[in-house]
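Some notes on the structure that comes next.
Readers should treat all values here as calculations from the given coordinates under stated rules, not as data from a laboratory. If you're wondering where the values come from, they're calculated on a predicted model, not measured in any experiment. Please note: Cβ atoms are built from the backbone with ideal geometry, for glycine as well, and neighbour counts cover all protein chains shown.
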Amino acid sequence: MNFASDNTAGVAPEILAALARANAAQAAMPYGNDDVTRRLTARFCEIFEREVAVFPVATGTAANALALSLVTPPYGAIFTTASSHIHNDECGAPEFFTGGAKLLPLPGRDGKTGPAELQAAYDAAGVGAVHHTPPAAVSLTNITEAGTVYSAEETAAIGAFCRRRKLAFHLDGARFANAVAATGATPAELTWKAGVDLLSFGATKNGCMAAEAVIAFNPELAASLGYRRKRAGHLFSKMRFLSAQLDAYLEDGLWLKMARHANAQMRRLHKGLAGLNRVEVLHPVEANMMFARLPRAMTEALIAGGYFFYVMDETARPRCRFVTAFSSRAAQVDGLLALARSHGAGPEKPPPKRR
Ligand SMILES: Cc1ncc(COP(=O)(O)O)c(C=O)c1O
């Protein structure tokens, strides 16, 4: 019963079946010159309602770093949020793949930022002075690292700012399916129609084994991406196995069905936990992720009961992160809630003494 991350979930049966089919096919050509990879681009074009360039890679870090390398010179700067994955969790890969660009993290609220904050940061960036890194791109995450969601309108407002300032707009969509499912907006409305140039399209967290893709809404922008991906070691010789995952993921709306399910399980968990004594939900819960402070006794009881989730500090009411996945079951959520309810009362327990 793992609510720590959607990465802890397994692989959707439909994706495994697609891998088995790809395996059964005799002698497909390597390095993406196979039928499934060719079909994949057509599928993405249909989903995004326009011509796109598609570059499958195996990790979200590779997708983000490679995408940003297309639009940021080594001396450039990338605006992002302080909580972003590219800033905190990619071991400097965006800096490395851009050849040294600087990330400029903005404080943000509930994991989000907006045109006013970006404008203020732009004004403070010393544009034009040779001493400062000129802003080249904005990179945001949808859904955010706080579990909140940018609507199509919010994305479009940021896109308009990017256009005014001639900045490229990259979206980290590690959980893009959850954002589409949460907003009800179309994939196009959440991206290129709102001014997004490049999307890291995530799939691993939502039922794939290991498959993500860089999507370029202006294929010219991606002219060098084939070479960059090869240099980064992400041009798979057996590319068809990445493509087969993404192909099955997109077929018949499987990706959105799974994301809707994950989001619905989170709504259930949120509704149950939010009503409990001394549980404080920290950000709006809009997709499949929730941050909340729980009484320490409740946190310990849940862990002892076999429920996994991230405990992010050691206070009297620890900050905890819960994530649901395509495979989360209502009975698991209800089991967690029942245990939480039975440990919700009683006096506040002090944090453990540090030695
Ligand atoms: C917001 C976000 N972006 C990108 C990633 C991709 O990470 P990885 O390189 O582990 O696939 C993750 C994974 O945790 C994530 O949460």
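For the range 24-65, taking the reciprocal of the average inverse distance between every pair of different Cα atoms yields a Kirkwood hydrodynamic radius of 11.9 Å. Positive contributions from Lys and Arg (+1) and negative ones from Asp and Glu (-1), summed over other residues with Cβ under 11 Å from the Cβ of Ala156, come out at -1. Once the gyration tensor of the Cα atoms in the range 1-122 is diagonalised, the equivalent ellipsoid follows with semi-axes of 34, 20, 15 Å, ordered largest first. Compactness check for the chain: Cα Rg over 2.2 N^0.38 Å is 1.03.
Within the shell of other residues whose beta carbon sits under 11 angstrom from the beta carbon of Ser84, the net charge comes to -3, with Lys and Arg scored +1 and Asp and Glu -1.
Three principal axis extents of the range 123-269 based on alpha-carbon atoms, in descending order, are 49, 41, 24 Å. The distance separating the Cα centre of the range 78-121 from that of the range 270-303 comes to 27 Å.
Looking at the range 109-179, what % of the alpha carbon pairs are farther apart than 15 Å?
Here the tail beyond 15 Å accounts for 55 percent of pairs.
Which of Lys166/Lys257; Lys230/Lys257; Lys112/Lys166; Lys112/Lys230 have a Cα-Cα distance over 25 Å? As for pairs spanning more than 25 Å Cα to Cα, those are Lys166/Lys257; Lys230/Lys257; Lys112/Lys230. Per-peptide packing, taken as the mean over residues of other Cβ atoms within 10 Å, places 292-300, 203-211, 94-102, 123-131 in the sequence 203-211, 292-300, 94-102, 123-131 from highest down.
The share of Cα pairs per 5 Å bin across the range 53-178, counted from zero up to the longest distance, runs 2, 11, 22, 25, 22, 12, 4, 1, 0 percent.
Beta bridges per DSSP, both residues in the chain: antiparallel share near 55 percent.
Which order results if Val52, Val281, Val138, Val180 are arranged by neighbouring Cβ count within 10 Å, fewest first? Walk me through the numbers before you get to the answer.
Working: Val52 23, Val281 14, Val138 29, Val180 26.
Least to most surrounded, the residues fall as Val281, Val52, Val180, Val138.
Across the range 301-311, coupling constants 3J(HN,Hα) worked out from phi with the 6.51/-1.76/1.60 Karplus curve, θ = phi - 60°, read 5, 5, 5, 4, x, x, 9, 9, 7, 7, 9 Hz, and Gly and Pro carry x. Across the chain, the relative contact order, built from alpha-carbon pairs under 8 Å that are at least six residues apart, equals 22 percent.
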